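Take a look at the structure set out below.
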Amino acid sequence: MTWGWFVSAGLIFGLIPGLNFLSSLVVAACLTPTDPILAAAVVGGRWADKHVPAHIRHLLAAESGCNDGAAYPFLFIALYLMFDAPDVGNAIRDWFVRLWLCAS
């Protein structure tokens, strides 16, 4: 997820003029975990019902849901870095305390 997040952010940053890298990280955190084409092709449809065992379809559907939840820390670190800029230390502290300690 981390590499995909940075690669997606780099592509977004390079393709959208005027967008700064932190904004690209926010957008990438929303786009990286999505796998709609794979999920739609493998989890549902007539072909999947016939050729893909049910336990594999359920496993892929669960993995897709986990990906979405795994994106929250990446989204929030990018948002904290944007809003607390240029104080990176404060942003990381807020991210750790509010996301990891308060959410536990």
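The values are calculated or read from the model by the stated rules, or taken from the named source; none is laboratory data. Bear in mind that the values here come from a model prediction, so they are computed numbers and not experimental data. So basically every Cβ, Gly included, is an ideal-geometry build from the backbone, and we count neighbours across all protein chains shown. The protein model used for the area step is the full one, side chains on, heavy atoms only, and it has no ligands, DNA or RNA in it. Shrake-Rupley method; radii C 1.70, N 1.55, O 1.52, S 1.80 Å.
Here is how the numbers come out for the structure above:
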item	result
Of all residues in the stretch 1-13 being open to solvent by 50 Å² or more (accessible area, probe 1.4 Å) and in contact with a helix residue (DSSP H, G or I) (Cβ under 9 Å, 6 or more places away or on another chain), the one that is modelled with the lowest pLDDT	1
Residue that is surrounded by the fewest Cβ atoms within 10 Å (Cβ to Cβ), among those in the stretch 29-49 that are modelled with pLDDT of 75 or more and part of a helix (DSSP H, G or I)	46
Members of the stretch 50-82 that are within 15 Å of the chain's Cα centre (by Cα) and open to solvent by less than 50 Å² (accessible area, probe 1.4 Å)	64, 65, 67, 69, 70, 71, 73, 74, 75, 77, 78, 79
